[in-house]
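Here the structure is laid out as structure tokens; the discussion comes afterwards.
The values are calculated or read from the model by the stated rules, or taken from the named source; none is laboratory data. If you're wondering where the values come from, they're calculated on a predicted model, not measured in any experiment. All Cβ positions, even for glycine, are placed from backbone atoms using ideal geometry, and neighbour counts span all protein chains on display. All accessible areas refer to the heavy atoms of the entire protein, side chains included, with ligands and DNA or RNA removed. Shrake-Rupley method; radii C 1.70, N 1.55, O 1.52, S 1.80 Å.
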Amino acid sequence: GPGQLPGGQAVSRVKHHMVAHRAGGFSLVEMLIALTISATLLTATLGALDASFRSYKETTESASTHVVSRLVMHRVMTMIRTGDEFGPYPANPITQPQIVTNEIEFVSARDVDALTHQITRIERRNAPDGATAPFELWYVIENYVNNSLTDRQERVLIRDLQEASFTLEYEVGPRLRLATVDLTIRPNDLQDAAVYSDLQTPTIRLVSSVAPRRVD
């Protein structure tokens, strides 16, 4: 009949249902508020994730560099312990038996019958341009036959070195009584993969002393 749709449903009732249906949706203001809340939560989550990445990177670099540095320190201590005829010497070992230097050298092998000997030197060198730390620790081996240099090899032990010093205490002779190695290293294992170039990582300092064995 008039005012009715097929099926006997009143037109006014259908209009009321459509208006009620539209009133149940989200308005523009509600959508903006929801987007603002979502953006705030996402920003907070990314901030926490960023802090987590930074902490992980610092921990990983520090652990890796610490292990490598300890291995190098152990090797240096072993070479000094088994070495002989150390240098450099203090100007006057009687009045001033101690010297602080950035290198140490010693005879690491000798064959009296063949007139050959080997000199090992561990030294601090300036790092090349573009390095993240000012110094590097180098290992140099020189072989001599009848006091003539026949072969020389060198390679880097530690990069990203902040500082390296050798404190040598001598007895009268001069014979080395005690050697103290002091290394300060900046962790830098993952800098090539770093997302943030301003990441500041703590330095690692290793100090160890050793007395050379006495050969009678």
* Asked: Is it true that D192 is open to solvent by 70 Å² or more (accessible area, probe 1.4 Å) and modelled with pLDDT under 90?
  -> yes
Within region 106-131, restricting to residues that are part of a strand (DSSP E or B) and open to solvent by 80 Å² or more (accessible area, probe 1.4 Å), the one that is farthest from N146 (Cα to Cα) is N126
Taking region 112-141 and the residues there that are within 24 Å of M77 (Cβ to Cβ) and of a type in the set (G, A, S), the one that is modelled with the highest pLDDT would be A127
S197 passes all but one of the listed conditions (1) at pLDDT below 95; (2) open to solvent by less than 30 Å² (accessible area, probe 1.4 Å); (3) among the hydroxyl-bearing types (S, T, Y); the exception is number (2)
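Output the residue which, of all residues in region 132-145 that are of a type in the set (A, V, I, L, M, F, W, C) and in a strand (DSSP E or B), is nearest to V181 (Cα to Cα).
Pass one, region 132-145, residues of a type in the set (A, V, I, L, M, F, W, C): 133, 135, 137-138, 140-141, 145.
Filter again for in a strand (DSSP E or B), leaving 135, 137-138, 140-141, 145.
Numbers: F135: 15, L137: 12, W138: 14, V140: 17, I141: 19, V145: 30 Å.
Within region 132-145, the match that is nearest to V181 (Cα to Cα) is L137.
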With criteria (1) open to solvent by less than 60 Å² (accessible area, probe 1.4 Å); (2) more than 22 Å from A211 (Cα to Cα); (3) more than 18 Å from the chain's Cα centre (by Cα), F135 comes up short on (3)
Restricted to region 155-187 and to residues being open to solvent by 50 Å² or more (accessible area, probe 1.4 Å) and part of a strand (DSSP E or B), the residue nearest to I94 (Cα to Cα) is E171
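Considering only residues that are β-branched (V, I, T) and either closer than 24 Å to P202 by Cβ or surrounded by 13 or more Cβ atoms within 10 Å (Cβ to Cβ) (or both), look in region 44-75 and name the one that is modelled with the lowest pLDDT. So that I can check it myself, show each step before the final result.
So the first thing to find is which residues in region 44-75 are β-branched (V, I, T), and the list is 45, 59-60, 65, 67-68, 72.
Then drop every residue that is not either closer than 24 Å to P202 by Cβ or surrounded by 13 or more Cβ atoms within 10 Å (Cβ to Cβ) (or both), which leaves 59-60, 65, 67-68, 72.
Numbers: T59: 58, T60: 55, T65: 76, V67: 82, V68: 83, V72: 90.
Among those that are β-branched (V, I, T) and either closer than 24 Å to P202 by Cβ or surrounded by 13 or more Cβ atoms within 10 Å (Cβ to Cβ) (or both), it is T60.
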Among residues of region 76-105 being touching a strand residue (DSSP E or B) at 6+ places or on another chain (Cβ under 8 Å) and in a helix (DSSP H, G or I), the residue most open to solvent (accessible area, probe 1.4 Å) is R81
